[in-house]
Amino acid sequence: MWKQSSEIKPSTQYSQTLKYNIRFEQNMDKNALWKSFPELETPRLWLKKMSRKHANELMEFWGDDEVTRYTDFNSFREIQKIEKTINWVNNRFKDKYGIRWGIFLKENSKLIGTCGFNSWITDRGNKSEIGYDLHRKYWRKGYMFESLYKMITYGFQEMKLHRIEADVDPNNMGSQKLLEKLHFTKEGCLRDNGYWKGQYWTTLIYGLLEKEF
Ligand SMILES: CC(C)(COP(=O)(O)OP(=O)(O)OC[C@H]1O[C@@H](n2cnc3c(N)ncnc32)[C@H](O)[C@@H]1OP(=O)(O)O)[C@@H](O)C(=O)NCCC(=O)NCCS
């Protein structure tokens, strides 16, 4: 039966749909891609899995109100809560929901930030939302651009994503400029898009398609 249908010369439109479906079905195998935690390398950085032993280093920036000003979580005050969060993000990877890398300086192995795909939605499309944060001491040195460039390349090439999104606070100019430098498009404004830190927050939605990167 399959042989028969492959003998039919498909119309251009049909063959495009077929190509899309083949690509899309390849995307489905999260298990094969995420059998083990992927490590990514850039000229100055390693993107690697974090563990409980990194809790103190994470506290340096997850406990900094300047870093968490526009994030959907409050600054951490207790190491135990950071340890639980590390477990939580690593379990999300095990369950194939998302991935969060620690960003480590090659020169001294210091953990200076985190970044990742908060979601991986393969139902009727293939897309993901990203998140990131960096120790304040290391801002404006190109580290997050370097990390995200590598991470997004991995997303399009290995995860075969079609679309990557980011939600940003309208006052977070640094993050918006960073996304624009990565060729994201500001697509709109989502009013009262989420509730955290005791209030509703309006966010801007940024999107990047594979063909635009
Ligand atoms: C947003 C953040 C990740 C940027 O990291 P970074 O390593 O300092 O960014 P980079 O140095 O790679 O900057 C890349 C580009 O982004 C822009 N940019 C970054 N920070 C900026 C700032 N504070 N003001 C204006 N532009 C900024 C610049 O265009 C820069 O390119 P350039 O240096 O060639 O001009 C960092 O400020 C941070 O951790 N902020 C707190 C957490 C946060 O807001 N996370 C995002 C939630 S959506």
Among the numbered conditions (1) of a type in the set (A, V, I, L, M, F, W, C); (2) near the ligand (Cβ under 8 Å from one of its atoms); (3) surrounded by 12 or more Cβ atoms within 10 Å (Cβ to Cβ), tell me where Met159 comes up short.
(2)
Out of segment 53-64, which residues are over 17 Å from Trp139 (Cβ atoms) and surrounded by 15 or more Cβ atoms within 10 Å (Cβ to Cβ)?
His54, Ala55, Met59
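Can we say Gly131 is under 19 Å from Lys53 (Cβ atoms) and within 8 Å of the ligand (Cβ to nearest atom)?
Details: under 19 Å from Lys53 (Cβ atoms): no; within 8 Å of the ligand (Cβ to nearest atom): yes.
Answer is no for this residue.
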Scan segment 92-105 and report the pairs whose first residue is under 18 Å from Asp29 (Cβ atoms) and whose second residue is of a type in the set (Lys, Arg), with Cβ atoms within less than 7 Å and a gap of 6+ or a chain change.
Lys96/Lys30; Gly98/Arg92
Report whether or not Gly174 is surrounded by 11 or more Cβ atoms within 10 Å (Cβ to Cβ), away from the ligand (no atom under 14 Å from the Cβ), over 13 Å from Asp72 (Cβ atoms) and not polar (S, T, N, Q).
no
The one condition in (1) modelled with pLDDT under 95; (2) touching a helix residue (DSSP H, G or I) at 6+ places or on another chain (Cβ under 9 Å); (3) not aromatic (Phe, Trp, Tyr) that Ile99 fails to fulfil:
(1)
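Within segment 177-200, track down each residue that is within 14 Å of the ligand (Cβ to nearest atom) and over 28 Å from Pro38 (Cβ atoms).
The initial filter retains those residues of segment 177-200 that are within 14 Å of the ligand (Cβ to nearest atom), namely 177-184, 186, 190, 193-194, 196-197.
Scanning segment 177-200 gives Lys186, Leu190, Asn193, Gly194, Trp196, Lys197.
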Scanning segment 110-158 residue by residue, the ones that are among the charged types (D, E, K, R) and more than 15 Å from the chain's Cα centre (by Cα) total 7
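Output the number of residues of segment 31-46 satisfying the condition of being more than 10 Å from Lys106 (Cα to Cα) and touching an Asp or Glu at 6+ places or on another chain (Cβ under 9 Å). If you could, list the steps in order and put the result at the bottom.
Step one: filter segment 31-46 for residues more than 10 Å from Lys106 (Cα to Cα), giving 31-40.
Okay, now just the ones that are also touching an Asp or Glu at 6+ places or on another chain (Cβ under 9 Å), so 33, 38.
Count: 2.
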Can you find even one residue in segment 138-149 that is in a helix (DSSP H, G or I), more than 10 Å from the ligand (Cβ to nearest atom) and more than 22 Å from Asp29 (Cβ to Cβ)?
no
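Would a scan of segment 196-211 turn up a residue that is touching a residue at least 24 places away in the same chain (Cβ under 8 Å), buried (at least 19 other Cβ atoms within 10 Å of the Cβ), in contact with a Pro (Cβ under 9 Å, 6 or more places away or on another chain) and of a type in the set (A, V, I, L, M, F, W, C)?
First, the residues of segment 196-211 that are touching a residue at least 24 places away in the same chain (Cβ under 8 Å): 196-197, 201-210.
Subset that is buried (at least 19 other Cβ atoms within 10 Å of the Cβ): 203-204, 206, 208.
From what's left, in contact with a Pro (Cβ under 9 Å, 6 or more places away or on another chain): 203-204.
This time we only want the ones that are of a type in the set (A, V, I, L, M, F, W, C), so: 204.
Yes, there is a match, as at least one residue in segment 196-211 is touching a residue at least 24 places away in the same chain (Cβ under 8 Å), buried (at least 19 other Cβ atoms within 10 Å of the Cβ), in contact with a Pro (Cβ under 9 Å, 6 or more places away or on another chain) and of a type in the set (A, V, I, L, M, F, W, C).
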Give the residues of segment 159-189 that are under 15 Å from Ile205 (Cβ atoms), over 14 Å from the mean Cα position of the chain (by Cα) and part of a loop (DSSP other than H, G, I, E, B), sorted by residue number.
Asp169, Pro170, Asn172
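The values are calculated or read from the model by the stated rules, or taken from the named source; none is laboratory data. Keep in mind it's a predicted model, so treat the numbers as computed, not measured. Cβ atoms come from the backbone with ideal geometry, glycine included; neighbour counts cover every protein chain shown.
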